[in-house]
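Please treat every number below as a calculation from the coordinates, not as lab data. What you see is a predicted model, and the numbers here were worked out from it, not measured in a lab. All Cβ positions, even for glycine, are placed from backbone atoms using ideal geometry, and neighbour counts span all protein chains on display.
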Amino acid sequence: MREREIEALARIHHNHPLRHARILLADAVDIDPNSYLDTDMEVSLVHELLHLRFLDATNGSLKDASPEWRGMEAAVEATAQALVAINNEREARG
């Protein structure tokens, strides 16, 4: 296991004007099983992809930790979890 602290399972780096983004996912071997992080990589990836859509609504102008940013982050997370849950239910039904 590598010796480094993982703060998030996924990160997005984007250039809004160019509509270009790079999503980085943590390597599973770097995740401490006792971590507070939710380890659902699918939700993490969908979360980061949703940020691209939310950027269109905000023009990429929200500042980290502002009330507006926290609200957007909560909405993105809830939407990501719902989308993955819907997909999992569909797959389970066949």
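In debye, nearest 20, what is the charge dipole magnitude of the chain about its Cα centre with +1 on Lys and Arg Cβ and -1 on Asp and Glu Cβ, if you could check?
That gives the chain a dipole magnitude of about 420 debye.
Considering only LEU62, ALA75, LEU9, the residue lying farthest towards the positive end of the dipole of the chain is LEU62, judged by Cα position with unit charges set on Cβ. All other residues whose Cβ lies under 12 angstrom from that of ALA85 are scored, Lys and Arg at +1 and Asp and Glu at -1, for a net of -3.
The slack between ASP56 and HIS20, meaning 0.36 nm per residue of separation minus the straight C-alpha distance, is 11.7 nm. Remark: the ASP27-ARG70 segment gains 12.9 nm on full extension, using 0.36 nm per residue and subtracting the alpha carbon distance. Restricting the calculation to Cα atoms, the chain yields a radius of gyration followed by a Dmax of 14.8, 42 Å.
Between beta-carbons, use under 9 Å as the cut-off and find the net charge around ILE12, counting Lys and Arg +1, Asp and Glu -1. Walk me through the intermediate numbers first.
Details: positive: ARG11, ARG22; negative: GLU48.
Its environment carries a net charge of +1.
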